[in-house]
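*Asks:* Before we start, here is the structure in question, set down as C-alpha cells.
The values are calculated or read from the model by the stated rules, or taken from the named source; none is laboratory data. The structure displayed is predicted, hence computed values, not measured ones. Neighbour counts are summed over all protein chains in view; Cβ atoms, including those assigned to glycine, are modelled from backbone coordinates with ideal geometry. What goes into the accessible areas is simple: the full protein's heavy atoms, side chains included, and nothing from ligands, DNA or RNA. Shrake-Rupley method; radii C 1.70, N 1.55, O 1.52, S 1.80 Å.
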Amino acid sequence: AMLHCQWPSKLAARQELFRRSGASHMQAIFDFDHTLTRFVMPDGQSAPMCHDVVERSQRMPEAFKQEYAQLWADQKDGLAKGSWDMTNWWQRSHRLMIEHGLRQEWIAEMVEEAGLRCRPRCRELFAELVRHGIPILVFSAGLTPVIRAVLEKADVPLNSVRICANNPVFNSAGVLQSFDEPLVTSLNKAGLAQWEEKYFAQIARKHVLIMGDSLHDCDPLQRLSGVSESIRVGMLDVRRKPDQLSRFQETFDMVFSNHGIDPPDCLDLQPIISLLAELVGASDGPLAGLRCIDRKRGLQSSEDALEEEQVRKSRAAL
C-alpha cells in the first residue's frame, strides 16, 4: 500500500494524543463498500457494492433488470443536464426491490453469487478493536442484510458491530415490504449523529478513527458532539479515481492507495491494524515502516514526521 498524507507532523501529533488518552477514549466508524470490501475481484474486474448484489442477481426477474437499467440511464441523463437528485437513485432502487419481490432468504446466496468479499485482514482488524474495547459502527449507504452477510462470511462477530445502513423490512413470508427510516445515501452521511444519537451518548468516546473511500465518508464528524479529535483514513482506488488524490489528501489525514498494486491483488487492512496498534500504544514503531508522501515536501517517513513534531514541541517549551 502507498500511504499519502499532506501534513505528516499534524498527523503525528494526533497519533500521540490518541496514544496518551488510550483505547478507552476511542471509537471506530467505518464505511463499508470499497472500504471494508475490496476494490477488485479475483478476475481483476471492479468489485460489486451492496446494491449491485441485488441488481445483478439471477434471482431477480428480467423486468427488474430492465427497470434498473433505465434507472441508470435516467441518472446519466439527469447528471448531464444538472437536474439529478441523488436521493432519487436510492428511492427508485428500493422501490424496484419491493415491486419485484426481493426475498430475505436470497440475500446470502446473492452475496455468494456476486463474490462480494471483505478485504484481507478484516477479521483481524475487528478482533483487535474488540480486544481493546473500542466500539465499532459500520455506516453505509448500502443494505444492512448484505453487510451482515459479508461480515459474517469474513468471520466478523456481528454482536461486536453496530450497523447503520438501509434496512429492508420483510414480512412474515420473507418478502420485502418496505425500508426503515432513515434513507441513507452517499450524500447525507452528516445525519449519522442524529440517527444514532443514543448510541453515541452511550459510548461517550471523544476520539474517532473514521475510514472511508468517498469524500463524504467523513461527513458524520460535522455534527458529532463530544468528539474532540479524529484521525481520518481514506482508501483510494487510483484506477477508478485517478484525479482525486489531491482532494482525498485535503479530506483525510491519511490516504492508502492501490498505487503500484496490480489486479487481482488489492489493498488489505494490515496498515489499519498497524495504525491501531500505534494508537492504543501496542506498537513501538509508527506504521511498521510505511512511508508517507507529503505533497508539499516530497517523501518523508512517519518516523521523520514524529521526530519533527517532537523537536517543534521542545522548541516551543523553551
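*Asks:* Among S172, S228, S186, which one shows the highest mean-square fluctuation when the chain is modelled as a Gaussian network with alpha-carbon springs under 10 Å?
*Replies:* Most flexible of the set in this elastic network: S172.
*Asks:* Roughly how many nanometres apart are two label points built 7 Å out from the Cα toward the Cβ at V130 and D265?
*Replies:* 3.0 nm
*Asks:* Based on DSSP H runs of at least 4 residues, each adding -39500 (n - 2.57), what is the mean residue ellipticity at 222 nm of the chain after dividing by all its residues, to the nearest 500 deg cm²/dmol?
*Replies:* Dividing the helical sum by the residues of the chain leaves -12000 deg cm²/dmol.
*Asks:* Rounded if a/c is under 1.5, else prolate if a/b beats b/c, else oblate: with a ≥ b ≥ c from the C-alpha gyration tensor eigenvalues square-rooted, which is the stretch 77-123?
*Replies:* Oblate shape, in that a/c is at least 1.5 and b/c is the bigger or equal ratio.
*Asks:* How tilted is helix 8-21 with respect to the longest principal axis of the chain? Cα atoms for both, answer in degrees (0 to 90, nearest 10).
*Replies:* The helix 8-21 is inclined about 90 degrees to the chain.
*Asks:* Okay, next question. Helix 122-131: angle to the longest alpha-carbon principal axis of the chain, degrees 0 to 90, nearest 10?
*Replies:* 60 degrees
*Asks:* Test of understanding: extend the Cα→C-beta vector of Q222 to 7 Å, then name every residue of the stretch 189-213 with backbone N under 11 Å from that spot.
*Replies:* 189-192
*Asks:* Hey, another quick one. Starting from 0.36 nm per residue, how many nanometres of slack lie between E229 and E112 once their C-alpha separation is accounted for?
*Replies:* Working: separation 117, 0.36 × 117 = 42.12 nm, distance 3.85 nm.
Here the answer is 38.3 nm.
*Asks:* OK, next. How large a share of the accessible area of the chain, in percent, is made up of carbon and sulfur atoms when the probe is 1.4 Å and the other protein chains stay in place? Before the final figure, lay out the partial values.
*Replies:* Details: 6960 of 14840 Å².
Answer for the chain is 47 percent, counting heavy atoms of protein chains only.
*Asks:* Another question about this same structure. Would you mind computing, in nm to one decimal, how far apart the modelled labels at R162 and R20 are, each placed 7 Å from Cα along Cα→Cβ?
*Replies:* Reported label-point gap for R162 and R20 is 2.8 nm.
*Asks:* Any idea what diffusion coefficient the chain gets from Stokes-Einstein, in µm²/s, Kirkwood Rh on alpha carbon pairs, 4 °C, 1.567 mPa s?
*Replies:* 62 µm²/s
*Asks:* Out of T37, T87, T185, any idea which swings most in a Gaussian network model of the chain, alpha carbons joined below 10 Å?
*Replies:* T87
*Asks:* Treating the stretch 170-251 as a set of equal point scatterers at the Cα positions, no solvent, please give the Debye-formula log₁₀ I(q)/I(0) at q = 0.16, 0.24, 0.26 Å⁻¹.
*Replies:* Here the Debye-derived log intensity ratios amount to -0.75, -1.14, -1.25.
*Asks:* Could you report the chain's accessible area per residue, 1.4 Å probe, as an integer in Å²?
*Replies:* About 47 Å² of surface per residue is accessible.
*Asks:* Nearest 10 degrees is fine. How inclined is helix 86-99 to the longest principal axis of the chain, computing both from alpha carbons?
*Replies:* 40 degrees
*Asks:* Please check: in the Gaussian network model of the chain (C-alpha springs, under 10 Å), which one of L176, L158, L221 has the largest mean-square fluctuation.
*Replies:* L158
*Asks:* Gap in Å between the Cα centre of the stretch 131-173 and the Cα centre of the stretch 1-49?
*Replies:* Distance between centres, Cα-based: 19 Å.
*Asks:* Same structure again: Take peptides 257-267, 210-220 and line them up by average Cβ neighbours within 10 Å, highest first, as a rough protection proxy. Don't skip to the answer; put the middle values down first.
*Replies:* Working: 257-267: 16.9, 210-220: 22.9.
Packing proxy ranking, top to bottom: 210-220, 257-267.
*Asks:* What does the extension gain come out to for K241 and A201, with contour length at 0.36 nm per residue minus their alpha carbon separation? Write down the numbers at each step before the final one.
*Replies:* On the way: separation 40, 0.36 × 40 = 14.40 nm, distance 3.61 nm.
Roughly 10.8 nm would be gained on extension.
*Asks:* Also: Provide, as a two-decimal number, the C-alpha radius of gyration of the stretch 32-173 over 2.2 N^0.38 Å, N being how many residues it has.
*Replies:* Ratio of Rg to 2.2 N^0.38 Å for the stretch 32-173: 1.13.
*Asks:* Related question: Starting from the 7 Å offset along Cα-to-Cβ, what nm value, one decimal, do you get for the label separation of L215 and R95?
*Replies:* Distance between label points: 2.9 nm.
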